[in-house]
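Chemist: Sharing a structure, written as structure tokens. Questions coming.
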Amino acid sequence: MSAAQSRVNDFVVKIGTVNGTGSASANGLLMKALFRMGIPVTGKNMFPSNIQGLPTWYEIRANKDGYMARSGRVDVMVAMNAQTYKQDLAEVSPGGFLIYDSTWPREHTLQRDDITVLGVPLAKMANEHFKVARVRILMKNVAYVGVLAALLNLDLEIIKQLLTETFADKPKLVDSNLEAIMLGYDYAMAQFTCPLPVRAEKMGNGNEGKVLIEGNAAAALGAVYAGATVGAWYPITPSTSVMDAFKSYCDMFRTDPETGERRFCIIQAEDELAAAGMVLGANWAGARAFTPTSGPGISLMSEFIGFAYYAEIPSVFMDIQRVGPSTGMPTRTQQCDLMLAAFASHGDTRHPILLPKDPNECFELSVKAFDLADRLQTPVFFLSDLDIGMNDWMIDELQWDDGYQPDRGKMLGPAELETMEKFHRYLDEDGDGIPKRTLPGKHPKGAYFVRGSGHNRYGGYTEDAEEYQDVLDRLLVKWETAKQLVPGPEIRHAGKHADYGIIAFGSSHGAVTEALDGLAEEGIHADYMRLRAFPFNEEVEAFIAAHKTVFVVEQNRDAQMRSLLMVELDAPADKLVSVLHYNGLPIPSDCIAEALREHIAKEAAA
Amino acid sequence: MTYIKKPRIDLPGRGRNEIGLTMRDYEGGLSTLCAGCGHDSITAAIVQAFFELSTPPESVIKLSGIGCSSKTPAYFVSGAHGFNSVHGRMPSVATGAMAANRDLVCIAVSGDGDSLSIGFGQFGHVVRRNLNMLYIIENNGVYGLTKGQFSASADPGSKAKKGEVNVMQSIDPVSTAIALGGSFVARGFSGDRAQLVPLIKAGIRHRGCAVLDVISPCVTFNDHEGSTKSYAYTRENYHPAVYTDFVPPAEQIEAEQKDGEATTVTMHDGSRIKLRKADNAYDPSDRSAVMHYLEDRRTKGEVVTGLLYIDEDLPEMHAIAQTEAEPLSGRAFSDLSPGAAALAKLQKGMR
Ligand SMILES: Cc1ncc(C[n+]2csc(CCOP(=O)(O)OP(=O)(O)O)c2C)c(N)n1
Ligand code: SF4
Ligand SMILES: [Mg+2]
């Protein structure tokens, strides 16, 4: 057995269970206990595309410095699932700990000398203590929270408080859960030296000003706050919880408590093609409307997305990316729909994309997506991913400015129409490439005909070469305008001269910053640019120009962002070095650091 | 500019409707369809129906998919907002538009290809959702715009222009819509304007999804001997099951007493549909009897027309969704965004 390192407020706990056994609430309890102790914490779900009976893991990282990405380590493994015991055992970092249910003997051929293995008869204790079979299974999982509380020095008072809050209306459950926790706690206290060198200690102000939230909930809140009233969707992991959250927030904020009347309309469509059509129809008729989906849905929606591009209909498409191609791995994460979103549909089409990095930006950029769609009169993609969308993130509390007014773009109302000679739908009057629009049902002079077939600047049908091209070229002017309107990149300078640049976006952010901090200690410095949107503005171009080598970090196989940079900016291929991670798990920081180190060493050797 | 404008001349004797508009005000651009195409007659019936209903043009939205039939919204009610969507997907766009603004009057035109093949799913689901709209299928048994391939409504045994015989079963939009739980299902014929206009009016006023299948011969690809969607075949086998009169809310039904077997259906806006049965036993509110009747007549090769099924009480989409009465699109932003204090409060539960 190797000596365990002391790791206070800097560790990873991973729990392997069987899905459908109620481990989610036990894991949530652990997360929140650490959170309330003031330790920065994140929780990542690695779950199967299945409802019951398959292995599932939950990985909690507690880190006093606030690093949120996967670190590549496992300090404490709770191996509750016999099926995955071998794999779980292998994954523990040297010097780490493994806790298993010793009710049944574990396989003695499986040994490791470099970690500490702790057996706790969880099932036995739960079976002796609780009568009902289903309760026994649940309580066995709650009991490991007690074991960890003892081993990791978690605050029992906080755990009690959390139980009281969670089961406020079911006091009996508070008692039974607490009993289960104490079973585990007392056993560990009696049998092991507690706490372990890997442990938690209260710090700071108890994470005041922070919240734990999933990106999908934040994106849905953004839609509510942006004033979206129509949501159309077809269920698909990992986007479903966007609509679930939108519905529950609308129930909360926009339902008349007396009459039950709703100030929103959610339509569960027959498929994604229909969901896209509904979004177009609703936006055309004046509502703010959106659809949450994932890659397969975007594939189906593509015909309508091209229609919206050409007919210039504001629309918001939230793509919570999962692993492709095809059905891929529905419960795993990737950044693999970048190209799809950028150019969705046949013909010359291109679409603005917003790239949130965490739930905070999900909220901010979800609102922004509606403003941009209305301003630019075009489909706007909100490109999140499963990691951001479905995992538990600790973020600064979401803020809202009550002075916010939606940007509905160039919309002509009845008063303006009244004074006009004639309204022409596709005229660009001020040179920004954006025409004016009207809404149905308002004024007889506002009528026009939306079509995906050839049309001229007046909105009339055309098959005339020049008239057609006139509109297509104007759409490029609009694209230039979009570059100025989408959020620019966020640049973090190395603090000293750096030949290296690193570009990343979305959920890779945490892993990149952590890797860069570590590399800086080794004397490797790189400036960091986080892209927040497509199309790219001059800042992006300048950043690439200013560095000798630019690493492009992304979570897909084909280096889609790198291609996009090359296509859109003529960025030189030999300058852009890909760092790719695409196995479906959120990108860990060590993979980025390793890739940079390796490339730099190779460069030095050359 | 390539789009064609018609001169607006008031025709003497035609007069003005209740809101002071003439028939011309309900017309659109010049049709570019083949001379004699059934679709143009339907357009004319739509113009007349809207004129007679005195519908403000700007309150109307007119939508379509793709096909010759789907081109026609450009040819009526030029003061309405139009949406020529993609092939087979009009129902979803209509759903979104009506979700946003429930006060709009929604008329949609589709073809048998548009609705029964590529758009069969959307057709079925909009019926099931009971969206408040008039859904017209201009049914010619072929894909006109792509030059005459059989559509899914082609009857078994029907012969194509080049002689090929269809052997597959046909999809009948009427019995399909009834089976799907449609609340208003009718069939007309482009060659019978007198029957078509009241059906269109009733469909517009029906609160829910009114499906109106209109046999509309394609003179270029499907009007020959051996076709079951030709003018000649339709006239020969034409069988109105019910005669429909539409009576707007203001007017009294004068002939009610005299008319022994008339059934009157009162609609949500107070207008009434008077149904005189050609067949005494016909009851358009008895779903299983209607299905039985239609099946019986189908085997006899008859084209059954009229308002064939109606249930005014089925809840439409917004009633099901419990949406508030005011159109969502009209809501001020201040009525929609919960504000900073609510956000702070909500987040107390996220710690
Ligand atoms: C996705 C797609 N596939 C194919 C077409 C080609 N297309 C245009 S119209 C049409 C058939 C239209 O038939 P129908 O709806 O019966 O209309 P009609 O012309 O007979 O009135 C087809 C297949 C298309 N526009 N879009
Ligand atoms: S091809 Fe047929 S359906 Fe199309 S316009 Fe001509 S007659 Fe009408
Ligand atoms: Mg057809």
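Chemist: Treating only the Cβ of Lys, Arg, Asp and Glu as charged (+1, +1, -1, -1), what charge dipole size does region A:414-485 show about its Cα centre? Round to the nearest 20 debye.
Modeler: 440 debye
Chemist: Also: Which of the residue pairs B:K229/B:K300; A:K368/B:K348; A:K368/A:K410; B:K62/B:K277; A:K86/A:K131; A:K124/A:K170 have a Cα-Cα distance greater than 20 Å in the structure shown?
Modeler: A:K368/B:K348; B:K62/B:K277; A:K86/A:K131; A:K124/A:K170
Chemist: Can you show me the helix-derived [θ] at 222 nm for chain A, built from DSSP H runs with n ≥ 4 at -39,500 (n - 2.57) apiece and divided by the number of residues, rounded to the nearest 500. Write out the running numbers ahead of the final one.
Modeler: Details: 19 runs with 240 residues, N = 606.
So the helix-based figure for chain A works out to -12500 deg cm²/dmol.
Chemist: Could I ask something else about it? Loop sites only, by DSSP: take the GluC sites (Glu not before Pro) in chain B that have at most 12 other C-beta atoms within 10 Å and name the longest stretch containing none of them.
Modeler: Here the longest run is B:19-163.
Chemist: Just the Kirkwood number for region A:414-485, please: inverse of mean 1/r across all distinct Cα pairs, in Å, one decimal.
Modeler: Its Kirkwood hydrodynamic radius stands at 13.1 Å.
Chemist: Report the normalised scattering of the protein assembly as shown as log10 I(q)/I(0) at q = 0.06, 0.08 Å⁻¹, calculated by the Debye formula with identical scatterers on the alpha carbons.
Modeler: -0.52, -0.84
Chemist: Oh, and also: So what is the orientation-averaged projected area of region B:23-321, using the convex hull of its C-alpha atoms, in nm²?
Modeler: 14.1 nm²
Chemist: Mind checking the mean number of beta-carbon atoms from other chains within 10 Å of the Cβ atoms in A:453-463?
Modeler: Rounded to a whole number, the mean comes out at 3.
Chemist: Determine the shape class of region A:7-207: with a ≥ b ≥ c the square roots of the Cα gyration tensor eigenvalues, call it rounded for a/c under 1.5, and otherwise prolate if a/b is greater than b/c, oblate otherwise. Mind showing how you got there, number by number?
Modeler: On the way: a/c = 1.34, a/b = 1.01, b/c = 1.33.
Note, shape of region A:7-207 comes out rounded.
Chemist: Shifting gears a bit: So which trypsin sites (Lys or Arg not before Pro) in region A:514-606 pass both tests, a DSSP loop state and at most 12 other Cβ atoms within 10 Å of the Cβ?
Modeler: A:K548
Chemist: Quick check: net charge around B:G182, other residues with Cβ under 15 Å of its Cβ, Lys/Arg +1 and Asp/Glu -1?
Modeler: With Lys, Arg at +1 and Asp, Glu at -1, the net is -2.
Chemist: How far is helix B:193-205 tilted, in degrees, relative to the longest principal axis of the Cα atoms in chain B, given as a value from 0 to 90 rounded to the nearest 10?
Modeler: 20 degrees
Chemist: For B:M267, what is the net charge nearby, where nearby means another residue's Cβ is under 9 Å from its Cβ and Lys, Arg count +1, Asp, Glu -1?
Modeler: Summing Lys/Arg as +1 and Asp/Glu as -1 gives +1.
Chemist: Separate question: With the dipole of chain A worked out from charges on the C-beta (+1 for Lys and Arg, -1 for Asp and Glu) around the Cα centre, which of A:Q334, A:F253, A:H129 lies farthest toward the positive end?
Modeler: Farthest towards the positive end: A:H129.
Chemist: Next question, about the same structure. Taking the Cα centre of region B:23-321 as origin, work out the dipole magnitude from +1 charges on Lys and Arg Cβ and -1 charges on Asp and Glu Cβ, in debye rounded to 20. Don't skip to the end; give the middle numbers.
Modeler: Values: 27 positive and 34 negative charges, 144 e Å.
Here the size comes out at about 700 debye.
Chemist: Could you tell me the number of lysine pairs in region A:414-485 with C-alpha atoms less than 17 Å from each other, where the two lysines are 8 or more residues apart or belong to different chains?
Modeler: 5
Chemist: Continuing with the same structure: Going by alpha carbons, how many degrees (0 to 90, nearest 10) lie between the helix axis of A:509-521 and the longest principal axis of chain A?
Modeler: Value to nearest ten degrees: 60.
Chemist: Another question about this same structure. Given A:G96, A:A573, B:A160, which one lies farthest toward the positive end of the charge dipole of the protein assembly as shown, if we put +1 on the Cβ of every Lys and Arg and -1 on the Cβ of every Asp and Glu?
Modeler: Working it through, the farthest residue towards the positive pole turns out to be B:A160.
Chemist: Next question. Tell me the GluC sites (Glu not before Pro) within region A:344-451 that lie in a loop according to DSSP and have at most 14 other beta-carbon atoms within 10 Å.
Modeler: Answer in residue order: A:E421, A:E429.
Chemist: Can you pull out the trypsin sites (Lys or Arg not before Pro) in region B:107-170 whose DSSP state is coil and whose Cβ has at most 12 other Cβ atoms within 10 Å?
Modeler: B:K147, B:K162
Chemist: Classify region A:490-605 as rounded, prolate or oblate, taking a ≥ b ≥ c as the square roots of the eigenvalues of its Cα gyration tensor: rounded when a/c is under 1.5, otherwise prolate if a/b is larger than b/c and oblate if not.
Modeler: Rounded.
Chemist: Now for a separate question. Under the definition of partner shielding as Cβ atoms of other protein chains within 10 Å of a residue Cβ, what is the mean value for peptide A:212-225?
Modeler: Counting Cβ atoms of other protein chains within 10 Å of each residue's Cβ and averaging gives 2.
Chemist: Given H placed on each backbone N at 1.01 Å, which residues far from A:L118 in sequence or on other chains put an amide H within less than 5 Å of it?
Modeler: A:L98, A:I99, A:Y100
Chemist: Within region B:121-148, which residues have the backbone N less than 15 Å from the label spot 7 Å out from B:E164 along Cα→beta-carbon, could you tell me?
Modeler: B:141-148
Chemist: Between region B:328-351 and region A:298-356, how far is it from one alpha carbon centroid to the other, in angstrom?
Modeler: Each part reduced to its Cα centre gives a spacing of 29 Å.
Taken together, the values in this text are just the output of simple stated rules run on the coordinates, not laboratory data. The shown structure was predicted, so the numbers you read here are calculated from the model rather than taken from an experiment. A quick note on method: Cβ atoms are made from the backbone with ideal geometry, for glycine too, and the neighbour counts reach across all protein chains shown.
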